[in-house]
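Step one of this worksheet: look at the structure below.
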Amino acid sequence: MKTYFFNGFKFFNVIMFVLVSGISTSQNKPVNDVTKPLHLLQPDYPTPYGPTSQEKVIETLNSIYRFLDKSTPTKIIDKRTQEELSQLNDYADFAEGLFRLTSYEWGVTYAGMLLAGQETQNEKFSKYTIERLNQIAVLAKYFKSMDSDDIEIPKSIHSVLHPKALDDAGAICAAMIKLKRLGKGKDLDPLIKNFIDYISFNQYRLKDGTLARNRPQANTLWLDDLFMSVPALAQMGKLTGEKKYYDDAVKQVLQFSERMFNSEKGLYMHGWVQDMEMHPQYHWARANGWAIMAIIELLDVLPESHSGYPLILKQLKLHSAGLSKFQDQTGFWHQLIDRNDSYLETSATAIFTYSLAKAINKGLIDKKAYSPVVLLAWNAISTKVSQTGEVEGTCVGTGMGFDPAFYYNRPIHIFAAHGYGPVILAGAEILHLIKNNEFEINDSSLQLKYNKM
């Protein structure tokens with residue numbers, strides 16, 4: 001190209017300036033129905049919108065893993081000296097970490113790590129659970145053999161040997177059975193039997209066999225207890241092939257649902273007291289999470305030939321529909337699901353994400369309808385995982401209340417252990433979903449990719 005000079009300037013540069021200015025002027029025209037396709041304007045979403053990637057999900061899981069692996073050591077120490085033991089003695093205990101290794105919350109975390117190991121094909125996640133559950137078995141075996149009034153059993157192991165509530169037994173038992181079914185658990189049989197015997201024979205029940213507590217009032221049903229019992233019973237049925245465990249698990253879901261499920265809203269109340277004339281309905285999010293998680297865990301192993309299977313599947317679909325219609329635009333769910341002025345809560349959102357995604361992946365609920373729900377939810381959850389792996393926005397442990405102030409004002413904390421396992425489970429199930437399906441932005445909205453025939 002020839003270059004021309006005009007009054008001391010390169011004529012080429014002048015032409016380019018004019019052309020660029022013309023383009024800019026065109027772009028600065030007022031936006032209206034004629035000058036721009038308005039439906040393509042980009043919304044200012046409060047949460048990242050659109051499909052995520054396998055790499056992003058795995059990085060979130062890795063971040064949580066690094067934090068938990070560091071903050072929950074597997075060392076067994078002498079409580080007097082704080083030194084690591086090569087041989088157990090009467091002062092043996094776990095080295096102190098940031099979370100309790102034998103809590104029900106950590107039972108969920110162990111299950112989450114196993115699933116993450118399977119979906120990422122990275123053994124470090126599974127190893128996290130293998131090491132800690134096997135150490136629990138070692139310590140429990142020692143103190144069971146030495147059990148006497150002269151020896152103080154560590155608090156961390158006391159609930160394993162002598163469970164006093166479903167919280168002590170169900171979640172960690174289910175994780176142990178899952179590990180045993182993978183062929184990687186050592187000396188877990190006595191602990192599994194102890195937990196299952198507690199659930200089956202020692203936990204208080206109503207006259208019709210429904211699992212109950214005598215707090216805060218006599219003959220109270222806690223929705224949480226579906227998760228603290230049903231997955232363990234279901235896993236035991238799968239492990240042994242004995243129908244009685246499936247039967248009890250199905251009975252619990254149906255009898256809890258009969259009393260506590262609001263069919264109009266598609267939600268469960270948190271608590272039900274037998275002697276109350278009126279049953280206050282507070283649809284606490286995490287309790288609803290425990291309920292749907294118990295249901296999907298049951299359906300994961302319940303034979304389709306079981307007489308209760310169609311009823312449990314129906315309940316899953318009813319609850320899934322109820323939950324989806326109350327999801328916030330941010331992707332989260334509220335602390336009280338149907339009260340939008342209560343805060344947005346992470347652990348419940350993660351439990352819903354895991355449960356719905358698992359139901360999608362198993363073909364139990366509509367993939368086209370529910371995939372956008374869980375992908376939006378996962379994008380929201382990922383904003384609550386810090387760069388150092390802490391999970392933010394989780395409600396602390398919560399009893400049962402019959403007034404709104406109780407639920408609205410429960411504190412949140414990064415060391416509320418309830419958030420970690422559910423987020424790992426959700427990430428693992430979302431990973432499975434996006435590995436096996438394609439998603440796209442279609443006409444501005446997130447959709448399962450439609451493959452034309």
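When residue 195 is tested against (1) in a loop (DSSP other than H, G, I, E, B); (2) within 23 Å of the chain's Cα centre (by Cα), only condition (1) is not met. Of all the residues that make up the stretch 229-274, how many are part of a helix (DSSP H, G or I), of a type in the set (S, T, N, Q) and touching a residue at least 40 places away in the same chain (Cβ under 8 Å)? The total comes to 4.
Residue 247 - would you say it is touching a helix residue (DSSP H, G or I) at 6+ places or on another chain (Cβ under 7 Å) and either over 24 Å from residue 296 (Cβ atoms) or of a type in the set (Asp, Glu) (or both)? No. Of the conditions (1) closer than 30 Å to residue 310 by Cα; (2) in contact with a Pro (Cβ under 8 Å, 6 or more places away or on another chain), residue 431 fails just one. Which one is it? Of everything listed in (1) closer than 30 Å to residue 310 by Cα; (2) in contact with a Pro (Cβ under 8 Å, 6 or more places away or on another chain), residue 431 misses just condition (2).
Could you look through the stretch 258-288, keep only residues that are hydrophobic (A, V, I, L, M, F, W, C), over 13 Å from residue 224 (Cβ atoms) and within 25 Å of the chain's Cα centre (by Cα), and pick out the one that is surrounded by the most Cβ atoms within 10 Å (Cβ to Cβ)? Before the answer, list the steps.
Residues of the stretch 258-288 that are hydrophobic (A, V, I, L, M, F, W, C), as a first pass: 260-261, 267, 269, 272-273, 276, 278, 284-285, 287.
Subset that is over 13 Å from residue 224 (Cβ atoms): 261, 267, 273, 276, 278.
Restricting the remaining residues to those that are within 25 Å of the chain's Cα centre (by Cα) gives 261, 267.
Numbers: 261: 22, 267: 26.
Checking each candidate, the answer is 267.
If I filter the stretch 200-211 down to residues being in contact (Cβ under 8 Å) with a residue 40 or more places away in the chain and not polar (S, T, N, Q), which single residue comes out as surrounded by the most Cβ atoms within 10 Å (Cβ to Cβ)? Reasoning before the result, please.
Narrowing the stretch 200-211 to residues in contact (Cβ under 8 Å) with a residue 40 or more places away in the chain: 200, 206, 208-211.
Retained after the next criterion (residues that are not polar (S, T, N, Q)): 206, 208-209, 211.
Values: 206: 14, 208: 8, 209: 11, 211: 23.
That would be 211.
Based on this model, can you work out whether residue 179 counts as within 26 Å of the chain's Cα centre (by Cα) and either assigned to a loop (DSSP other than H, G, I, E, B) or among the hydrophobic types (A, V, I, L, M, F, W, C) (or both)? Let's see the steps before the verdict.
On the way: within 26 Å of the chain's Cα centre (by Cα): yes; either assigned to a loop (DSSP other than H, G, I, E, B) or among the hydrophobic types (A, V, I, L, M, F, W, C) (or both): yes.
Answer is yes for this residue.
When each of 148, 126 is tested for being farther than 21 Å from residue 184 by Cα and among the polar types (S, T, N, Q), the lone residue that passes is 148. Residue 393 meets all of the listed conditions (1) without any contact (Cβ under 8 Å) to a residue 24 or more places away in the chain; (2) in a loop (DSSP other than H, G, I, E, B) but one, namely (1). When we screen 369, 377 for residues that are closer than 22 Å to residue 334 by Cα, surrounded by fewer than 21 Cβ atoms within 10 Å (Cβ to Cβ), hydrophobic (A, V, I, L, M, F, W, C) and at pLDDT 95 or above, the only hit is 369.
Condition first: surrounded by 16 or more Cβ atoms within 10 Å (Cβ to Cβ), assigned to a loop (DSSP other than H, G, I, E, B), in contact with a Ser or Thr (Cβ under 8 Å, 6 or more places away or on another chain) and not charged (D, E, K, R). Can you find one or more residues in the stretch 422-436 that meet it? Checking the stretch 422-436: not a single residue is surrounded by 16 or more Cβ atoms within 10 Å (Cβ to Cβ), assigned to a loop (DSSP other than H, G, I, E, B), in contact with a Ser or Thr (Cβ under 8 Å, 6 or more places away or on another chain) and not charged (D, E, K, R).
Among the residues in the stretch 81-100, are any surrounded by 14 or more Cβ atoms within 10 Å (Cβ to Cβ), out of contact with any strand residue (DSSP E or B) (no Cβ under 8 Å at 6 or more places or on another chain), part of a helix (DSSP H, G or I) and of a type in the set (Phe, Trp, Tyr)? Scanning the stretch 81-100, I find no residue that is surrounded by 14 or more Cβ atoms within 10 Å (Cβ to Cβ), out of contact with any strand residue (DSSP E or B) (no Cβ under 8 Å at 6 or more places or on another chain), part of a helix (DSSP H, G or I) and of a type in the set (Phe, Trp, Tyr), so the answer is no.
The values are calculated or read from the model by the stated rules, or taken from the named source; none is laboratory data. Keep in mind that this is a model prediction, so the values were computed, not measured. Note that each Cβ is placed from the backbone with ideal geometry, even for glycine, and that neighbours are counted across all protein chains shown.
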